[in-house]
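The values are calculated or read from the model by the stated rules, or taken from the named source; none is laboratory data. This structure is a prediction, so every number in the text was calculated from the model and none was measured. Using ideal geometry, Cβ is built from the backbone for each residue, glycine included, and neighbour counts are taken over all protein chains shown.
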Amino acid sequence: MDFSFTEEQTMIREMTHKFVAKEVKPLADQIDGEGRIPTELIKKISEQGFLGIYFPEEYGGAGAGEIGYCIMLEEFSRACASTTTFIGAHESIGTMAIYLDGTEEQKRKYLPPLCSGEKIAAFAITEPEAGSDAANIKSTAVLEGDHYLLNGTKTYISNGGIADIVTTFALTDRGISAFIVETDSPGFKVVREEEKMGIKGTSTAELLFEGLRVPQENLLGRPGAGFITAMKTLDVGRLSLAAGCLGASKELLDMSIDYSKQRVQFGQPIAQQQAIQWMLADMSTEISAMESFVYHAAWLCDQGKRISRIAAEAKLFCSEALDRIVDRAMQIHGGLGYMKKYPVERFYRDSRINRIFEGTNEIQRLVIARNLLKRGRK
C-alpha cells in the first residue's frame, strides 16, 4: 500500500501553507478580537480556489477530492479556527449537500458560484428543540402550487449571518425534506448573531423563515429523504472537522517544542525535564494516530466507500485528542499560555467546540455502536 501523497496533493499543501502564513496567521488575533473574518480575506480565499477545492472541475472546483480538501483544512487550522470553520460550513456541509443529492440542473446552477466564492453557503438543521435529536425538527414546508411555504427557526447556524445559500431542512407531508434556500428571498431573517467562547470570527446565527416561498425545483433530493441527505453530508463534515483538529494539534506541538527549548528554569531549558519530554511524546503519538485516521478515512471517501462509522470515529478521536493536546500545550507554556497575547489561549478556547458541533461526541458513539451492532466491523 502506498501511503504517500501525490505530487498534486503535495502542491496543495505547499500552496495552502504559504497562503496561510502570509494572509491568515497574521490576522488570527484580529479575527478573534473583532469577531469577524475580514471581507478582504474571504475574497483572497475565494480567489485561490479554496472554497471549491473538493468539487469536480466541471462544477467550478479544483477536483482535489476529500484528501486534498483535508490537506487544505489542516493547514488553515494551524492558524485560525474561525477561518477553518467558515470554510468547513461553506464547503463540507452547505455546498456538499447540493453536490451529493442535487439534480444536475441544481449543481450547474449553484455549485459554480459557490465554488468561486461568489456566493457563501450554510447548512441549517439545528433548531431550539432539535440538536442531537435532529429528527425532531419543527420547521415546516407546505406545498402550495409550484412553491413550498417555509416557516420555522434554526439556531447556531455557522455562516448563517453571511450566507447567500442555505441548505435547509423542514417537515413536509412526506417527512423531513431538504431545500436550497436563497437568503435574498422575502421571509428570510437573521434574528441575531451569537456571542461565543471560541471561534469568535465565525458567523453563528439564529435564522427565521417566515412564509418564505421556495420554488419546487429547489427541493433537494427526494421528498421525505432530507434526513438521509443530512446524515450523508454530516459524514463528510465530521471527517473534515477531524482534519482541522489534526492541523491545530500539529501547530500546538510545534509551539510547545519551540517554547520548551527557549524557556529556562532551574538553570536549563524546560525541554530537558522528563515531565515536559513525556508531554511532548504523548502529543506526538496522538498526532500520528490522528493523521492515520484522517487520511485513511479521506481515502475511503474518495474511493466512494461508506464512511459513516469511520467518519464518526475520526471526529470522536481527533476532537478529544485535540483537547488533551491543547491542555498539555497550556501546561508547558504555563502562565504565558494563559495570556491572551499568546496563541495557546485562543487555541484552548477554540478547541472545545469540536466535541459539540457536527454532532456531539455522545452522538458519535451512538453512530459507531449502532453501525457495529448492525453490520459488525467490516
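In the range 129-186, counting only strands (runs of 3 or more DSSP E) that sit wholly within it, the ones holding 1 or more residues that are among the charged types (D, E, K, R) span 140-144, 147-158, 175-182. Per this entry, I199 is not counted among residues that are closer than 30 Å to I71 by Cβ and surrounded by fewer than 20 Cβ atoms within 10 Å (Cβ to Cβ).
Looking at T285, is it under 30 Å from G94 (Cβ atoms) and not assigned by TED's automatic domain parsing to the domain that holds I199? When the stated conditions are applied, T285 does not pass them. Restricting to the range 263-289, give me the number of residues that are of a type in the set (D, E, K, R) and assigned to a helix (DSSP H, G or I). Qualifying residue count, the range 263-289: 2. Pairs are defined by a Cβ separation below 7 Å, a sequence spacing of at least 6 or placement on different chains, a first member in the range 328-353 that is assigned by TED's automatic domain parsing to the domain that holds Q277 and farther than 18 Å from T85 by Cα, and a second member that is among the aromatic types (F, W, Y) and outside any helix (DSSP H, G or I); the pairs so defined are H333/Y342; L336/Y342. Per the listing S260, S292, S240, the residue uniquely within 29 Å of S82 (Cβ to Cβ), hydroxyl-bearing (S, T, Y), without any contact (Cβ under 8 Å) to a residue 12 or more places away in the chain and part of a helix (DSSP H, G or I) is S292. Scanning the range 183-195 for residues that are touching a residue at least 24 places away in the same chain (Cβ under 8 Å) and in contact with a strand residue (DSSP E or B) (Cβ under 6 Å, 6 or more places away or on another chain) gives S185, G187, F188, V190, V191, E193, E194. Check whether at least one residue in the range 226-234 is in the same structural domain as S351 (by TED's automatic domain parsing) and closer than 30 Å to E345 by Cα, and report yes or no. Yes: one or more hits. Among the residues of the range 204-215, are any among the hydroxyl-bearing types (S, T, Y) and not in a helix (DSSP H, G or I)? For the range 204-215, residues among the hydroxyl-bearing types (S, T, Y) and not in a helix (DSSP H, G or I): present. Evaluating F55 against the criteria (1) crowded, with 20+ Cβ neighbours inside 10 Å; (2) assigned to a helix (DSSP H, G or I) leaves one unmet condition, (2).
The numbered conditions (1) on the phi > 0 side of the Ramachandran plot; (2) part of a helix (DSSP H, G or I); (3) of a type in the set (G, A, S) are all true for G304 except (2). Of the residues making up the range 344-361, just one is out of contact with any Gly (no Cβ under 7 Å at 6 or more places or on another chain), surrounded by fewer than 21 Cβ atoms within 10 Å (Cβ to Cβ) and closer than 25 Å to I270 by Cβ, namely Y348. In this structure, does I67 turn out to be buried (at least 19 other Cβ atoms within 10 Å of the Cβ), in a helix (DSSP H, G or I) and among the aliphatic types (A, V, I, L, M)? Here the answer is yes, as I67 does meet what is asked.
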